[in-house]
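A short worksheet on the structure shown next.
The values are calculated or read from the model by the stated rules, or taken from the named source; none is laboratory data. Just so you know, these numbers come straight off a predicted model, no measurement behind them. Backbone-built Cβ (ideal geometry, glycine too); neighbour counts: all protein chains shown.
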Amino acid sequence: SVYLDYNASAPIDSRVLDYMVEIYKGTLGNADSRTHDFGETSRQVVEKARNEVANLLSIKKDEVFFTSGATESNNIVLLGLKEYTELTGKKHIITSSIEHKAILETTKHLQQLGFKVDYVAPERDGRVLPEKVFNLLRKDTLLVSIMHVNNETGAIQPVQEIGNYLFDKDVFFHVDATQSFGKLVDELRVLKYDMLSMSAHKLGGPQGIGALILKKKRYKLPPVKNIMYGGPQEHGVRPGTTPVALVAGLGKACELAVSEYKENAEKCCAIRNCLLQMLKESGTSYQINGNLQYCVPNTLNICFDGISSEALMLATKQYCSISNGSACNSHSYSPSYVLTAMGLPEEQIESSIRVSWGALTDIQLVQIEFGRLLEYVKGMQ
Ligand code: PMP
């Protein structure tokens, strides 16, 4: 069986795990204890990791705040901005209808609190048009939040254009970079944004750790207020004892990504080309959802005409681990809201699966197991 659900969670890189074990085996002090060496050693590990994250993004170390992951980072951005609303009276947010639930459920909550939220629908190719975002800007717009790469389709969003346009405007720009962090490294290094969210487990780091980036260029203090109350950790943005080994794992994953991202992208491209070739030669009737020209090289969203994705996943489970919709929705089947927002017909949505992989994915295993899946599809069509 081959694991092809990296966008839900990628396996931990063994070098990251080894480093974390090393940290766990050393005596872990509380990184905030100033009274003994264990605290100091832990603090150094944490600060080294902060440097690695900053280095990967070409930003300053003190712009990095560790959180439990992108869900928490997204929540801090949206809920923490409430404070600004009280200061400025601004209550309008622009986002897209294809964001992760960690954005969409939070904005829904904010709407109940009286915020006005506009959800920009994507085009048929899964991309949000920047002009549609710009046209919605109002005097009381506080925040624009657009993801960098969509987790279901792999569609790269025009965040560069949006960031450039908003740069001199009095509006915060947040980017959920969970699916691009450590992958689209060159793009992220030049991107203009105020806040950015990521999770370590999408790039070979451990689950349960991530970061929120708060850029300092436009303000001295973080624009967000803490949503939890407690200790002074992470400058109060995210109180709670710092999970030293998890942070170290994130740092290690970033260090590896810095030196390997180009090579990783090439390996992912090779797997994509292999999958596309196999599809072409399979004799199945299929369509690729979205536009490959604007797609990251580790994701394909495929519709097999006339085949129920639910039935397909069940029948071919022993060959390939794939998904339909995003993992957070896959407890019970409901048609993908992302593909729905793209305007695809219902029967196409119900027949669509997401395949996602990483640089460590074994291409030979893909050939064997995805080949079996294609055989099944052909038999059913
Ligand atoms: N945003 C995006 C775009 C994602 O793909 C995910 C994970 N599927 C998240 C946010 C949430 O990440 P986590 O579950 O690690 O908090």
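State all residues of the stretch 175-195 that are away from the ligand (no atom under 11 Å from the Cβ) and either in a strand (DSSP E or B) or not assigned by TED's automatic domain parsing to the domain that holds VAL224 (or both); if no residue qualifies, say none. Steps first, please.
Taking the stretch 175-195 first, the residues away from the ligand (no atom under 11 Å from the Cβ) are 182-195.
Selection gives MET195 alone.
Taking the criterion of being within 19 Å of LEU214 (Cα to Cα) and basic (Lys, Arg), the only residue of the stretch 230-267 that qualifies is ARG238. Annotation: ASN55 fulfils all but one of (1) buried (at least 23 other Cβ atoms within 10 Å of the Cβ); (2) more than 16 Å from the ligand (Cβ to nearest atom); (3) polar (S, T, N, Q); the unmet one is (1). Assessment of the stretch 289-307 against the conditions (over 21 Å from TYR3 (Cβ atoms), loosely packed, with under 15 Cβ neighbours inside 10 Å, more than 24 Å from the chain's Cα centre (by Cα) and touching a residue at least 40 places away in the same chain (Cβ under 8 Å)) yields at least one matching residue. For the stretch 94-109, the criterion of being more than 16 Å from the ligand (Cβ to nearest atom) and over 21 Å from ASP176 (Cβ atoms) is met by none of the residues.
Select from the stretch 196-214 the residues that are of a type in the set (Gly, Ala, Ser) and in a loop (DSSP other than H, G, I, E, B) and write down the one among them that is nearest to the ligand (Cβ to nearest atom). Full working, then the answer.
Going through the stretch 196-214, the residues of a type in the set (Gly, Ala, Ser) turn out to be 197, 199-200, 204-205, 208, 210-211.
Right, trim to in a loop (DSSP other than H, G, I, E, B) and you get 204-205, 208.
Details: GLY204: 13, GLY205: 10, GLY208: 8 Å.
Taking the candidates together, the pick is GLY208.
Every residue, every condition in (1) in the same structural domain as PRO335 (by TED's automatic domain parsing); (2) closer than 19 Å to GLY343 by Cβ; (3) within 16 Å of the ligand (Cβ to nearest atom), yes or no:
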| position | (1), (2), (3) |
| --- | --- |
| PRO122 | no, yes, yes |
| LYS132 | no, yes, no |
| LYS139 | no, no, no |
| LEU142 | no, no, no |
| MET147 | no, yes, yes |
| THR153 | no, yes, yes |
| ASN164 | no, no, no |
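Those helices (runs of 4 or more DSSP H) of the stretch 1-106 in which at least 1 residues are within 22 Å of ASP118 (Cα to Cα) and touching a residue at least 40 places away in the same chain (Cβ under 8 Å), considering only elements entirely within it, cover 70-80, 82-88. Of the listed requirements (1) modelled with pLDDT of 95 or more; (2) charged (D, E, K, R); (3) under 19 Å from ASN74 (Cα atoms), LYS216 misses just one: (1).
Please state which one of VAL46, VAL2, VAL21 is away from the ligand (no atom under 16 Å from the Cβ) and under 27 Å from ASN226 (Cβ atoms).
Working: VAL2 fails: under 27 Å from ASN226 (Cβ atoms); VAL21 fails: under 27 Å from ASN226 (Cβ atoms).
None of the other options fit; the residue is VAL46.
I'd like to know if the stretch 262-281 contains one or more residues that are more than 16 Å from the ligand (Cβ to nearest atom) and outside any helix (DSSP H, G or I).
Going through the stretch 262-281, the residues more than 16 Å from the ligand (Cβ to nearest atom) turn out to be 262-281.
Narrowing further to those that are outside any helix (DSSP H, G or I): none.
No - not one qualifying residue is present in the stretch 262-281.
Taken as a whole, the stretch 215-233 holds no residue that is out of contact with any His (no Cβ under 9 Å at 6 or more places or on another chain), part of a helix (DSSP H, G or I) and within 16 Å of the ligand (Cβ to nearest atom).
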